[in-house]
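The values are calculated or read from the model by the stated rules, or taken from the named source; none is laboratory data. Note that the coordinates shown come from a computational prediction; the quantities given were computed from them, not determined experimentally. Reconstructed Cβ throughout: ideal geometry from the backbone, glycine too, with neighbour counts over all protein chains shown.
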Amino acid sequence: MTHIKVPKDRVGAIIGPKGRVKQLIESKSTAKLDIDSENGTVEIIPGNDPVGAMKAEDVVNAIARGFNPDKTISMFDDDLLMLEVIDISKYTNTQKDLLRLKGRIIGKNGKTREIIERLIGIKMSVYGKTVSFIGRPDQNQIARTSMEMLIEGATHGSVYSYLEKKRQELLQSQLDSY
């Protein structure tokens, strides 16, 4: 049994319209979700598939970190898809610094976030004090490195160049595996 603390404004997203998201998570994982919307906790009670319960935990955490539920359900269909969360407040001292960092990560009109998602094939969410990705381990490592570059003050151009280079490496490794 796992307990997850969820921001209260994300509880509704986990439940979904008419309970649809909760039911989908339960059916794909065989786990049962006990949601307390008053204090924002989700209890995951494993069913007959322990791996499914672990995936349900990742899906609930992803939705809690701001992902659209529709973007998280694919985690049940691909064992290599994983959620990775970076607490960017660890790199800042003030609320103003946190907002500046979030702005660098998202980019003007969401451009930087969109480029990162498109070039390395991940899904990304910036929510609260965190930036999160859903991708395969190699993709998440590239995303983490690009976040560290942005946090440390690298220019967006150098981050995009890094991402372009890593995209080529990912494509080449996919070709080599065939």
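Only one residue in ASP58, ASP78 is over 21 Å from ARG113 (Cβ atoms) and not hydroxyl-bearing (Ser, Thr, Tyr). Which one?
Sole residue among the options that is over 21 Å from ARG113 (Cβ atoms) and not hydroxyl-bearing (Ser, Thr, Tyr): ASP78.
The rows are residues; the columns are (1) under 19 Å from LEU81 (Cα atoms); (2) modelled with pLDDT of 95 or more; (3) outside any helix (DSSP H, G or I); (4) touching a strand residue (DSSP E or B) at 6+ places or on another chain (Cβ under 7 Å).
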site	(1), (2), (3), (4)
HIS3	no, no, yes, yes
ARG10	no, yes, no, no
LEU24	yes, yes, no, no
GLU38	no, no, yes, no
ILE44	no, yes, yes, yes
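Within the range 82-97, is even one residue in contact (Cβ under 8 Å) with a residue 40 or more places away in the chain, over 20 Å from the mean Cα position of the chain (by Cα) and farther than 28 Å from VAL59 by Cα?
No, the range 82-97 has no match at all.
Being assigned to a strand (DSSP E or B) and closer than 21 Å to GLY128 by Cα narrows it down to one residue among ILE63, ILE116, ILE86; which is it?
Criteria check complete, one pass: ILE86.
Among the residues of the range 120-136, is there at least one that is of a type in the set (A, V, I, L, M), surrounded by 16 or more Cβ atoms within 10 Å (Cβ to Cβ) and more than 28 Å from VAL21 (Cα to Cα)?
Scanning the range 120-136 turns up no residue that is of a type in the set (A, V, I, L, M), surrounded by 16 or more Cβ atoms within 10 Å (Cβ to Cβ) and more than 28 Å from VAL21 (Cα to Cα).
For SER173, only one of the following conditions fails: (1) modelled with pLDDT of 95 or more; (2) touching a helix residue (DSSP H, G or I) at 6+ places or on another chain (Cβ under 9 Å); (3) loosely packed, with under 13 Cβ neighbours inside 10 Å. What is its number?
(1)
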